[in-house]
Amino acid sequence: MAVPKRKTSRAQRRQRKAANRYEGVQATYCPNCSAPVEPHRVCTACGFYDGKQVLAVESK
Ligand SMILES: [Zn+2]
C-alpha cells in the first residue's frame, strides 16, 4: 500500500479543505437596478457596468 512520505502541512490541508468547501461565486447586486449579478460582469438586466451604460438592453 502506498504510504505518504511526509505529513501534510497545515497550509496544504487547509487549502484542500477550503477548495472542497467552495460554494461558488458570490452574488453581488447591480447598483443601478439591484438585480443579482456576478462580480466583474456587465449587468444583464440593465446593461450597466462601472456606473455606465455599456450594453444596449431592450426595455419592455
Ligand atoms: Zn442592472
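General remarks:
- Looking at the chain, the accessible area is 99 square angstrom per residue; that uses a 1.4 Å probe and ignores ligands, DNA and RNA.
- Angle between the chain longest axis and helix 10-21 axis [Cα atoms, degrees, rounded to 10]: 40
- Ser9/Arg41 FRET efficiency (R0 30 Å; Cβ-Cβ; nearest 0.05): 0.25
- Dipole size of the chain about its Cα centre, with +1 on Lys/Arg Cβ and -1 on Asp/Glu Cβ: approximately 980 debye, rounded to the nearest 20.
- Residue ranking by accessible heavy-atom surface, 1.4 Å probe, largest first, among Arg6, Arg14 comes out as Arg6, Arg14.
- Computed on the Cα atoms alone, the convex hull of the chain gives a volume of 155 cubic angstrom per residue.
- Just the protein heavy atoms count here, and of the accessible area of the chain at 1.4 Å, carbon and sulfur take up 51 percent.
- A dipole drawn for the chain from +1 and -1 charges on Cβ atoms has a positive end, and of Asn20, Cys43, Asn32 the residue lying farthest that way is Asn20.
The values are calculated or read from the model by the stated rules, or taken from the named source; none is laboratory data. Note that the coordinates shown come from a computational prediction; the quantities given were computed from them, not determined experimentally. Cβ sites come from the backbone with ideal geometry, for glycine too, and all protein chains shown count toward neighbours. What goes into the accessible areas is simple: the full protein's heavy atoms, side chains included, and nothing from ligands, DNA or RNA. Shrake-Rupley method; radii C 1.70, N 1.55, O 1.52, S 1.80 Å.
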